[in-house]
Amino acid sequence: WWSKNRLKVKFRGGTLSSSSYGEDEEVWRRTFASAYETAASQQSVVSSIVWFVMKLVLGLRLPTDANPGASFQFEMKRSPIGWMEFLYLDDDLRVSKGNRGTIVIVERMEEC
């Protein structure tokens, strides 16, 4: 189960943000405006309990709708440990596969 292309990782949080600005920024705002408030109001009792347990066990801090024009960030104070395997890597692109089978493709952004 181990190879030279695998790296042990600890998931501490993440960020969801638009990859570009300008015209896409308005689409971003419309898509995510009040997203977390709406989701919270539509949660079932079971779903609310699951989120409560995740917050308690993982120290999970969820994003809010406070600034939908920017990015959404979440944080885990007691995070799970897993691994990622690098399937492809160069100066501009990384393709990896996580221990649960998730494929992630990451492109390096140009510096501003």
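Per-residue answers, yes or no, for (1) at pLDDT 75 or above; (2) touching a Gly at 6+ places or on another chain (Cβ under 8 Å); (3) closer than 16 Å to Gln73 by Cβ:
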position: Arg6; (1), (2), (3): yes, no, no
position: Val9; (1), (2), (3): yes, yes, no
position: Gly14; (1), (2), (3): yes, no, yes
position: Ser17; (1), (2), (3): no, no, yes
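What about Glu26, is it at pLDDT below 85 and open to solvent by 80 Å² or more (accessible area, probe 1.4 Å)? Yes, satisfied. Can you confirm whether segment 71-80 contains a residue that is at pLDDT 90 or above, under 17 Å from Phe11 (Cα atoms) and among the hydroxyl-bearing types (Ser, Thr, Tyr)? So far as segment 71-80 goes, no, none of its residues is at pLDDT 90 or above, under 17 Å from Phe11 (Cα atoms) and among the hydroxyl-bearing types (Ser, Thr, Tyr). Of the residues contained in segment 83-94, none is found to be within 16 Å of Leu16 (Cα to Cα), modelled with pLDDT of 85 or more and either surrounded by 10 or more Cβ atoms within 10 Å (Cβ to Cβ) or of a type outside the set (Phe, Trp, Tyr) (or both). Taking Ser47, is it free of Cβ contacts under 8 Å to residues at least 40 places away in the same chain and either assigned to a helix (DSSP H, G or I) or touching a His at 6+ places or on another chain (Cβ under 6 Å) (or both)? Yes, satisfied.
Figure legend. Inter-residue proximity from segment 72-96: first residues on the phi > 0 side of the Ramachandran plot, second residues open to solvent by 60 Å² or more (accessible area, probe 1.4 Å) and in a strand (DSSP E or B), beta-carbon distance below 9 Å, spacing 6+ or different chains. No pairs are indicated. Whether a residue is open to solvent by less than 70 Å² (accessible area, probe 1.4 Å) and modelled with pLDDT under 85 was assessed, and Gly59 does not pass this test. Residue pairs whose Cβ atoms lie under 7 Å apart, separated by 6 or more positions or on different chains, with the first residue in segment 27-41 and of a type in the set (D, E, K, R) and the second in a helix (DSSP H, G or I), do not occur.
Reported count of residues in segment 98-107, each being open to solvent by less than 80 Å² (accessible area, probe 1.4 Å) and either in contact with a Ser or Thr (Cβ under 6 Å, 6 or more places away or on another chain) or assigned to a strand (DSSP E or B) (or both), is 3. Val45 passes every criterion in (1) at pLDDT below 80; (2) among the β-branched types (Val, Ile, Thr); (3) open to solvent by 90 Å² or more (accessible area, probe 1.4 Å) apart from (1).
The values are calculated or read from the model by the stated rules, or taken from the named source; none is laboratory data. Everything quoted here is computed from the prediction, not taken from an experiment. Here the Cβ is made from the backbone with ideal geometry for all residues, glycine too, and neighbour counts use every protein chain on show. What goes into the accessible areas is simple: the full protein's heavy atoms, side chains included, and nothing from ligands, DNA or RNA. Shrake-Rupley method; radii C 1.70, N 1.55, O 1.52, S 1.80 Å.
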